[in-house]
Amino acid sequence: MSDRHEENLARLRQELLHYANLKPSLAKRHMSADEDCERFAAGMPLCHSCGSSAFQQICSGKDTLMSTKRLVELGIRSLDPRGSSRVEELLGTIDNVFTFAGPFRYPYTECGFLFTSGTEHSFAIDDIGNTLPAGQRRATASPFDTGGIIDYLLPNVALANQIQFHRRHEIPVPDYRSYFRETLSILFSSPWHYLDGTGPDDPGPIEVKEGDDRRWTFEVRFKSELPLPGNLLAVFLPTRTARQSWAREKIAAWKRDGVGVDIYVPNDENGWGTLLGRSILYITDYLHKLR
Amino acid sequence: MNTWNLKDLEIVGYAESLPDDLLPAVVAPIYRVREDDDTLLMPPFDAHQGDKVKTTHVRRRAELDRLVGNEQATGIDKSIPAAPGQLLWIDESRRPHYQSAEQVRSHFQYLATAYLGLAREALILQRFDHADKLAQKAINADNRSLDAVLVAAVVERMRGNNDVLDVLSDIAKAIDPQIDFQQQLEIYLEGLLQDNRNVPISNLTPDHAPSQSSIASLAEGLDIADFPETLCVTSFVDRCNVAFQRELPALLETEPRKFVAYAGDKRLGIDENEFYLRERLAHAGPIALFYVEPQDQELAAPLW
């Protein structure tokens, strides 16, 4: 039986390579891609940002990121049709936990979690360690922020076509990282431009021309729950949050487990301005060490 | 990047969803363009001085709803006209205030100082949880407050949580990368002990104040045996001029101000709060304890 996710991945790779072949400068860049692209694509952590209230709820609760559906089931959050749940319901992603490959992007909020790239592997195997068929894995990737499809990336397209577009770009985890590597080497003049937010210097073949960094940021969605233990690479939080009695106990435990903890002084008056820079520095250092 | 005049904007929310524990707080406003109800300006702002705002994050009205639904932002019920030189802050009852930056900074500095003062008093009274909560309010008001971190460190040292002390050292280093946290903690403790000497006991209302019944029980003379020059053995007292058959913490509670302790020739104090703090926090080494009755017979340091 064919697997839609694998077929999508094969098609997207083919389209990207074909696109590069039509543009000699891109083909040349792809041929001369350095090891940075490989390292970036293989090791790029996954981020999930949240406000202080959600951070507290995650850390003092089940130590797990939960999908909107799970949060509602457990009575932690009410189903607010104004929030992301509307788009998630339309796209069938309401039982997904959302992460993004790379640093925290808009809105950066105050707190954030970085997960290792290896997190994906445990969602791609069964209970005895066998790799699951792509369509049965408990995680899926997309080469853009799916939350932006309906309102921002494809705003003037019929809903049925938006949903179809979404389904045609769901690709398997962790296999998508090979496509991620090719995207970096073909569409970006440097893989560092993915990290620092400069973005690609060529829009590429995917028919999304609107939008900001949501257009080219790879999204990885986990089914239902994403546990922090064993998956966390680093946590970012401001001084006042870190100082809270429950938080410092938690931070001590994270440090014992080898999780990086980045505590910073926030700029309250400007908001959302610090987390991006901190995470870029952290990921840069992390990727350098993977050499 | 686009630029707007503040006079054309109004505040409809802020870029955080804060739990009660993190209030009061200055927050970043989310603006709505007055003449275009569907256009919002989101932080971070590249310039937010004078009468202009610059941002790359221009969004539709629905974006605020989405962020609020995701607990990434908070809406405010009644929009506030934007004005130059103002800051938005949220009080402990979750009411928004919009005042001159100078006024807000001054108010928050006052709050931080006041909460730290109260936290310090609470520490002296050994009301550690209360002290911790008060100091949290101080760092909410001033996220660079080292003293708020030091109060937490005193509390954690009392609890023997060395792992957590490391975390507090990390927080202090985020505020001041050059800080010698251990040294600062010792200085803070020394100041705390000094303050304790200067606080009239009548002004204190400790959590563990001796009750009338415990004093009455002691007065029956059953618990203290008067054996001068006999050593009292506790976990941290080397010697004592009186032998006691009760544990020292209980005696300190029931016989306030009748003890004096010395580490070498350094007087450590005569009431339970100070002595207890010194022993538990400062690891002062061998301690000699004296029971002085009546209290005014303590004239000078003993020659041991």
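Counting only residues that are basic (Lys, Arg) and buried (at least 23 other Cβ atoms within 10 Å of the Cβ), how many does the stretch A:138-155 have?
Restricting attention to the stretch A:138-155, the residues satisfying the condition of being basic (Lys, Arg) are A:138.
From what is left, the residues that are buried (at least 23 other Cβ atoms within 10 Å of the Cβ) are none.
Qualifying residue count for the region: 0.
Among residues belonging to the stretch A:55-91 that are under 20 Å from A:ARG221 (Cα atoms) and small (Gly, Ala, Ser), point out the one that is modelled with the highest pLDDT.
Taking the candidates together, the pick is A:SER67.
Looking at B:LEU111, B:LEU123, B:LEU150, B:LEU116 in this structure, which one is touching a Ser or Thr at 6+ places or on another chain (Cβ under 8 Å) and either surrounded by 23 or more Cβ atoms within 10 Å (Cβ to Cβ) or more than 10 Å from every other protein chain (Cβ to nearest Cβ) (or both)?
Numbers: B:LEU111 fails: touching a Ser or Thr at 6+ places or on another chain (Cβ under 8 Å); B:LEU123 fails: touching a Ser or Thr at 6+ places or on another chain (Cβ under 8 Å); B:LEU150 fails: touching a Ser or Thr at 6+ places or on another chain (Cβ under 8 Å).
B:LEU116 is the lone residue from the list that is touching a Ser or Thr at 6+ places or on another chain (Cβ under 8 Å) and either surrounded by 23 or more Cβ atoms within 10 Å (Cβ to Cβ) or more than 10 Å from every other protein chain (Cβ to nearest Cβ) (or both).
Pull up the stretch B:167-178, narrow it to residues that are more than 7 Å from chain A (Cβ to nearest Cβ) and assigned to a helix (DSSP H, G or I), then point me to the one that is farthest from A:VAL265 (Cα to Cα).
The qualifying residue farthest from A:VAL265 (Cα to Cα) is B:SER169.
Only residues that are out of contact with any strand residue (DSSP E or B) (no Cβ under 6 Å at 6 or more places or on another chain) and hydroxyl-bearing (Ser, Thr, Tyr): list them for the stretch A:53-64, please.
Passing the criteria: A:SER53, A:SER60.
Going through the stretch B:65-96 one residue at a time, which ones are touching a residue at least 24 places away in the same chain (Cβ under 8 Å), within 25 Å of B:ASP38 (Cβ to Cβ), more than 9 Å from every other protein chain (Cβ to nearest Cβ) and not in a loop (DSSP other than H, G, I, E, B)?
Residues satisfying the conditions are B:GLY75, B:ILE76, B:SER79, B:ILE80, B:PRO81, B:PRO96.
Given (1) within 14 Å of chain A (Cβ to nearest Cβ); (2) within 29 Å of B:SER145 (Cβ to Cβ), identify the lone condition not met by B:VAL12.
Failing condition for B:VAL12: (2).
Scanning the stretch B:38-63 for residues that are at pLDDT 90 or above and not in a loop (DSSP other than H, G, I, E, B), which turns out surrounded by the fewest Cβ atoms within 10 Å (Cβ to Cβ)?
Per the stated criteria, the residue is B:THR39.
Using beta carbons and a limit of 8 Å, which pairs, at least six apart or on different chains, have the first residue in the stretch A:275-288 and without any contact (Cβ under 8 Å) to a residue 40 or more places away in the chain and the second one among the hydroxyl-bearing types (Ser, Thr, Tyr)?
Within 8 Å, no pair qualifies.
Check the stretch B:148-156 and report whether any residue there is in contact with a Lys or Arg (Cβ under 9 Å, 6 or more places away or on another chain), under 24 Å from A:GLU269 (Cα atoms) and part of a helix (DSSP H, G or I).
Within the stretch B:148-156, one or more residues are in contact with a Lys or Arg (Cβ under 9 Å, 6 or more places away or on another chain), under 24 Å from A:GLU269 (Cα atoms) and part of a helix (DSSP H, G or I).
Tell me which residues, restricted to the stretch A:101-157, are touching a Leu at 6+ places or on another chain (Cβ under 9 Å) and of a type in the set (Val, Ile, Thr).
A:THR109, A:THR116, A:THR119, A:ILE125, A:THR146, A:ILE149, A:ILE150 - these are the residues of the stretch A:101-157 that are touching a Leu at 6+ places or on another chain (Cβ under 9 Å) and of a type in the set (Val, Ile, Thr).
Looking at the stretch B:76-86, can you tell me whether even one residue there is among the basic types (Lys, Arg) and at pLDDT 90 or above?
Yes, the stretch B:76-86 contains at least one residue that is among the basic types (Lys, Arg) and at pLDDT 90 or above.
Which of the residues belonging to the stretch B:43-64 are at the interface with chain A (Cβ under 7 Å from one of its Cβ atoms) and under 36 Å from the mean Cα position of the chain (by Cα)?
B:PRO43, B:PRO44, B:PHE45, B:HIS48
Scan A:LEU79, A:LEU90 and give me the residue that is over 24 Å from A:LEU184 (Cα atoms), in contact (Cβ under 8 Å) with a residue 24 or more places away in the chain and out of contact with any strand residue (DSSP E or B) (no Cβ under 6 Å at 6 or more places or on another chain).
A:LEU90
Out of A:ILE149, A:ILE163, A:ILE171, A:ILE94, report the one residue that is β-branched (Val, Ile, Thr) and closer than 20 Å to A:PRO227 by Cα.
The conditions single out A:ILE94.
Can you tell me which residue in the stretch A:73-129 is surrounded by the fewest Cβ atoms within 10 Å (Cβ to Cβ), limited to those that are closer than 22 Å to A:GLY271 by Cβ and of a type in the set (D, E, K, R)?
Among residues in the stretch A:73-129 that are closer than 22 Å to A:GLY271 by Cβ and of a type in the set (D, E, K, R), the one surrounded by the fewest Cβ atoms within 10 Å (Cβ to Cβ) is A:ARG82.
How many residues, within the stretch A:201-259, are of a type in the set (Asp, Glu), under 19 Å from the mean Cα position of the chain (by Cα) and over 23 Å from A:HIS121 (Cα atoms)?
So the count comes out to 2.
Take the stretch B:77-92 and flag every residue that is of a type in the set (A, V, I, L, M) and either surrounded by 21 or more Cβ atoms within 10 Å (Cβ to Cβ) or under 19 Å from B:LEU18 (Cα atoms) (or both).
Across the stretch B:77-92, the qualifying residues are B:ALA82, B:LEU87, B:LEU88, B:ILE90.
Would a scan of the stretch A:123-131 turn up a residue that is in a strand (DSSP E or B) and without any contact (Cβ under 8 Å) to a residue 40 or more places away in the chain?
Among the residues of the stretch A:123-131, at least one is in a strand (DSSP E or B) and without any contact (Cβ under 8 Å) to a residue 40 or more places away in the chain, which makes the answer yes.
So if I check each of B:THR74, B:THR39, which one is touching a strand residue (DSSP E or B) at 6+ places or on another chain (Cβ under 7 Å), of a type outside the set (Lys, Arg) and farther than 19 Å from A:ASP151 by Cβ?
After applying the criteria, what remains is B:THR74.
For the stretch A:188-291, give me every one of the strands (runs of 3 or more DSSP E) that falls completely inside it and has 2 or more residues that are within 14 Å of chain B (Cβ to nearest Cβ).
Because the criterion is at least 2 residues that are within 14 Å of chain B (Cβ to nearest Cβ), the strands (runs of 3 or more DSSP E) in the stretch A:188-291 that meet it are A:232-238, A:260-264.
Go through the stretch A:239-291 and give me each residue that's under 30 Å from B:GLU102 (Cβ atoms) and among the hydrophobic types (A, V, I, L, M, F, W, C).
If the condition is that a residue be under 30 Å from B:GLU102 (Cβ atoms) and among the hydrophobic types (A, V, I, L, M, F, W, C), then A:ALA242, A:ILE263, A:VAL265, A:TRP272, A:LEU275, A:LEU276 are the ones that fit.
Filter the stretch B:15-37 down to residues that are touching a residue at least 24 places away in the same chain (Cβ under 8 Å) and within 14 Å of chain A (Cβ to nearest Cβ), then give me how many there are. Outline the logic, then answer.
Filtering the stretch B:15-37 down to residues touching a residue at least 24 places away in the same chain (Cβ under 8 Å) leaves B:15-18, B:20-35, B:37.
Now drop any that are not within 14 Å of chain A (Cβ to nearest Cβ), which leaves B:15-18, B:20-31.
So the count comes out to 16.
The values are calculated or read from the model by the stated rules, or taken from the named source; none is laboratory data. Being a predicted model, the structure only gives us computed values, none of them experimental. Don't worry about glycine lacking a Cβ; one is built from the backbone with ideal geometry, like all the others, and counts go over all protein chains shown.
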